[in-house]
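Below: the structure, in structure tokens.
The values are calculated or read from the model by the stated rules, or taken from the named source; none is laboratory data. Note that the coordinates shown come from a computational prediction; the quantities given were computed from them, not determined experimentally. So basically every Cβ, Gly included, is an ideal-geometry build from the backbone, and we count neighbours across all protein chains shown. SASA here: full protein model, heavy atoms, side chains in, ligands and nucleic acids out. Shrake-Rupley method; radii C 1.70, N 1.55, O 1.52, S 1.80 Å.
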Amino acid sequence: MFTACPSVDSLLNMASERTGLSDFGDPARHAGLRAYMEAVQAERWPAMREDARGPAIDYFVHLLSLRLQLVEDRKRFPEIAAQEIRAPIIVIGPPRSGSTLLHTLLNQDSWNNAVEHWVCLEPSPPPAIGAPSAERMQRAQQRLMGLFDPIPDIFVTHPYMIEEGASALAECGSDILNMTFTSQQLYCFYRSESYRRYLLEADHSAALGFHHDFLQHLQWGSTGRRWALKGSDHLLWLEELVVQYPDAMLVWTHRDLSEQLPSLTSVQAILQGIAGTAPQGEERMAFGRIAVEHQCATLLKGMRARDKLGDARFIDVSYHDLMANPVATVERIYGHFGLAMSAQHAAGIRAWLEHNPQTKHGVHRHSPGDYGIEGDAINRVLAPYVERFGFGFGIRPELAA
């Protein structure tokens, strides 16, 4: 039982004791850890349920243990560092904008390769060494499900985890960058204002360097496949992302904000159950204001980065087009980047959709009023976004289909 929040040095020592290793790699990759633990200690720990503290610390130590193992793997297999990550497709839209569905449909193409949850939870030894054992998959499954045991409602919002579990596609943003303590997922688990500002304002180059190293780790020993990735966090560090992947094909998903923002806020409220209880009453209103403020700031930061990077490397995709005509939407993405969509890929999309209707495991119910979300104010703050992309609160372009 933890009464006091462990220091950064204590967590590093616990990870070293757990693994018998001591080299965490580039010290700059501890920046997120230090920012996060300072925030947790000052802002979150006092209000955290006692029975949530132990699992939180175990999870943090696990993430650091993975870092140690990955550095050791790169020493044992120096060929990993020679891997070239070429022209990945990366879906970068905000949460609840259709990015998960689009990522899944992109990966019905056998030429594409995605990161799965299990390999983010049990990445060592590298997949090239051989297929994961049943024990390794079971450990990943237990850790993934154990993380969400306190909040079963999350599976209605992420139904793919019910059937696929640890084999489900992961977010290359949070699920990889959790290991550098640089992710919106960790913010949602144990919210704090100072860490939110860190995500919005810091230079995340070191964390994105780890992201690149991790893809090298997974790619070593495989040939002829292109990464198709997804990370809603990437709007926070688009410039750093493009430094690592200068030929990346970036897909920005958009949705009517009167649907996207309440859905996002509801999911974040559910995630509060990991550390405490979901917000109620007036607390819900304050929670909603912060969630919306953060999403608006993230969108505007992504737009500023896009202005610097240029529009040529981006394509914009409407959630509403995706739902109306998924095959045509994916085909448009491929055409934009000079890729050819195969008949097998189109057939794979149709088959997946037939077996995975949107409400297969329940309906995610939410409304703007639940969290005091006010549309006119959002459209004023996001006027540049509304003008540029045609999406706002209650505003969406006509269907292209």
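Would you pick out the residues in region 132-156 that are at pLDDT 90 or above, surrounded by fewer than 17 Cβ atoms within 10 Å (Cβ to Cβ) and either within 23 Å of Ile80 (Cβ to Cβ) or of a type outside the set (S, T, N, Q) (or both)?
Ser133, Ala134, Glu135, Arg139
So, in region 238-256, of the ones that are without any contact (Cβ under 8 Å) to a residue 60 or more places away in the chain and out of contact with any Leu (no Cβ under 6 Å at 6 or more places or on another chain), which residue ends up most open to solvent (accessible area, probe 1.4 Å)?
Val243
Need a quick list: helices (runs of 4 or more DSSP H) entirely within region 253-331 having at least 3 residues that are acidic (Asp, Glu).
Filter on region 253-331 gives 282-309.
Could you check region 204-223 and list, in sequence order, the residues that are in contact (Cβ under 8 Å) with a residue 60 or more places away in the chain and not in a helix (DSSP H, G or I)?
Answer for region 204-223, where residues must be in contact (Cβ under 8 Å) with a residue 60 or more places away in the chain and not in a helix (DSSP H, G or I): His204, Trp220, Gly221, Ser222.
Which condition breaks for Ile57 when tested against (1) over 30 Å from Val292 (Cα atoms); (2) without any contact (Cβ under 8 Å) to a residue 60 or more places away in the chain; (3) not hydroxyl-bearing (Ser, Thr, Tyr)?
Of everything listed in (1) over 30 Å from Val292 (Cα atoms); (2) without any contact (Cβ under 8 Å) to a residue 60 or more places away in the chain; (3) not hydroxyl-bearing (Ser, Thr, Tyr), Ile57 misses just condition (1).
So the check is Cβ under 8 Å with 6+ separation or different chains; which pairs have a first residue in region 122-148 that's farther than 30 Å from Leu271 by Cα and a second one that's assigned to a helix (DSSP H, G or I) and among the acidic types (Asp, Glu)?
Note: pairs meeting the criteria are Pro125/Asp73; Pro126/Asp73.
How many residues, within region 302-327, are of a type in the set (D, E, K, R) and open to solvent by less than 40 Å² (accessible area, probe 1.4 Å)?
Looking only at that region, the number is 2.
For region 157-203, list the helices (runs of 4 or more DSSP H) that sit wholly inside it and hold at least 3 residues that are farther than 24 Å from Met48 by Cβ, at pLDDT below 90 and more than 13 Å from the chain's Cα centre (by Cα); which are they?
Working: elements: 160-164, 174-177, 184-189, 193-201.
Output list reads 160-164.
Any idea which residue in region 214-225 is nearest to Pro88 (Cα to Cα), counting only those that are open to solvent by 30 Å² or more (accessible area, probe 1.4 Å) and of a type outside the set (Gly, Ala, Ser)?
Arg225
Looking at region 79-96, can you tell me whether even one residue there is crowded, with 21+ Cβ neighbours inside 10 Å, closer than 22 Å to Ile274 by Cβ, of a type in the set (Gly, Ala, Ser) and in contact with a helix residue (DSSP H, G or I) (Cβ under 7 Å, 6 or more places away or on another chain)?
no
With the condition kept exactly as written, say whether any residue in region 1-20 is within 23 Å of the chain's Cα centre (by Cα) and among the polar types (S, T, N, Q).
Here is the first cut: in region 1-20, the residues within 23 Å of the chain's Cα centre (by Cα) are none.
So far as region 1-20 goes, no, none of its residues is within 23 Å of the chain's Cα centre (by Cα) and among the polar types (S, T, N, Q).
Name every residue in region 274-300 that is in contact with a helix residue (DSSP H, G or I) (Cβ under 9 Å, 6 or more places away or on another chain), modelled with pLDDT under 75 and among the small types (Gly, Ala, Ser), in order of residue number.
Those that are in contact with a helix residue (DSSP H, G or I) (Cβ under 9 Å, 6 or more places away or on another chain), modelled with pLDDT under 75 and among the small types (Gly, Ala, Ser): Ala275, Gly276, Ala278.
Condition first: out of contact with any strand residue (DSSP E or B) (no Cβ under 7 Å at 6 or more places or on another chain), open to solvent by less than 50 Å² (accessible area, probe 1.4 Å), modelled with pLDDT of 95 or more and among the small types (Gly, Ala, Ser). Can you find one or more residues in region 47-70 that meet it?
Yes, some residue in region 47-70 is out of contact with any strand residue (DSSP E or B) (no Cβ under 7 Å at 6 or more places or on another chain), open to solvent by less than 50 Å² (accessible area, probe 1.4 Å), modelled with pLDDT of 95 or more and among the small types (Gly, Ala, Ser).
What pairs can you find where one residue is in region 257-274 and within 10 Å of Ala291 (Cα to Cα), the other is among the charged types (D, E, K, R), and their Cβ atoms are less than 6 Å apart, with a gap of 6+ or different chains?
Every condition considered, the pairs that remain are Leu264/Arg96.
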